[in-house]
Amino acid sequence: MDIEKIISELTIEEKLSLLSGKNSWETYSFEDKGVKSIFLSDGPHGIRKVVEQKDSAELGESIIATCYPTASSLASTFNEELIYLMGVNLGEEAKKDGVNIVLGPGVNIKRDPRCGRNFEYFSEDPYLSGKIASSLIKGIQSNGVGACVKHFACNSKEDYRMVNSCYVDERALREIYLTSFEMAVKDAKVSSVMTSYNKLNGFYTSENEHLLQDILRKEWKFDGLVMTDWGGGNNRVKGVKASNDLEMPSSYKETYYDLLKAYKANKLSIEEIDASVRHILNTVSRVSYDKKDEKINFEEKHEIAKRVSDQSIILLKNE
């Protein structure tokens, strides 16, 4: 795939279309120019692909899939090999169903017991979270299916998550909150990163240049796809300038016109647009489009899920 050639052939309208979803779960495609659509699906505890594609992200009937233990259980196993095996099996199911990127794992640090998403995060410990996440990511991606580490970063509560701002100094940010993300990027070579809903030190993570440009892109050398959480974008122009490549789900051209207007007013450069297009095309070139036709043996997958569940049990001795 000649990415630079494709970029040179895409019109500005096509480039801007790529920066937002086509619908709830797919990106735009331009097959005549070699650009395939990316199909994204929840999640790290079992593939949630809806039976019928709808024009919203609402929960509906999904295809049959294995229900794996949640991240809180995975971390309790302390077993990297077993979690890698679970990732392999999860990736096999995704590939069979035509899913290109699995939206997970979540690696935020548990800081408040009232956080509504603690069940899908691994641990209070950054190193443990990073090691288990890396094993799961490597397993998923061994199938040619991408993983998406989330929610970048400092998502520690659900109440007012769309407006809440987490204030963290640089040392705590690096040593506690970003360690597991850094391990996922550097050690596991994760395919994509999803930003969180909240603000970090007063700026939305989806448009936070220090987080996305200085740390993720320049320092960690990440050249994959950065996407918003579903409905987690704020100012799309600022997002693209900060290197947030893909807004999900589709805005049905609303933010497309914001980007086009900014481009025509010289407030958004073609270089900034091309950078995000390049990250999307990098991902298209790396994920597999070879859908498996053979049936999934759900009994075997269930046994893997049971093994993970069994090893997550912790017995406490009362003395």
Query raised in the report: Does His302 meet the test of being in contact with a Ser or Thr (Cβ under 8 Å, 6 or more places away or on another chain), assigned to a helix (DSSP H, G or I) and open to solvent by 60 Å² or more (accessible area, probe 1.4 Å)?
Result: yes
Query raised in the report: Is the range 189-202 home to any residue that is among the aliphatic types (A, V, I, L, M), in contact (Cβ under 8 Å) with a residue 12 or more places away in the chain, farther than 27 Å from Gly91 by Cβ and surrounded by fewer than 19 Cβ atoms within 10 Å (Cβ to Cβ)?
Result: no
Query - Long-range neighbours under 6 Å by Cβ, at least six apart or interchain, first residue hydroxyl-bearing (Ser, Thr, Tyr) within the range 159-178, second assigned to a loop (DSSP other than H, G, I, E, B) - result: Ser165/Gly202; Tyr167/Asn201; Tyr177/Ile109; Tyr177/Ala153; Tyr177/Cys154
Report task. Answer yes if at least one residue in the range 169-180 is touching a Ser or Thr at 6+ places or on another chain (Cβ under 6 Å), modelled with pLDDT of 95 or more and either farther than 23 Å from Asn89 by Cβ or surrounded by fewer than 24 Cβ atoms within 10 Å (Cβ to Cβ) (or both), and no otherwise. Result -> no
Query raised in the report: Picking from Lys241, Lys218, Lys306, which residue would you name as being more than 30 Å from Leu85 (Cα to Cα), out of contact with any helix residue (DSSP H, G or I) (no Cβ under 7 Å at 6 or more places or on another chain) and not small (Gly, Ala, Ser)?
Result: Lys218
Requested in this report: Just name the residue that is farthest from Glu9 (Cα to Cα) out of those in the range 259-299 that are free of Cβ contacts under 8 Å to residues at least 40 places away in the same chain and in a helix (DSSP H, G or I).
Outcome: Glu299
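The values are calculated or read from the model by the stated rules, or taken from the named source; none is laboratory data. This one's a predicted model, so the numbers in the text were calculated from it and none came from an experiment. In this analysis, Cβ positions are derived from the backbone assuming ideal geometry, glycine residues included, and neighbour counts consider all displayed protein chains. Please note that ligands, DNA and RNA were not included when accessible areas were found on the heavy atoms of the full protein model with its side chains. Shrake-Rupley method; radii C 1.70, N 1.55, O 1.52, S 1.80 Å.
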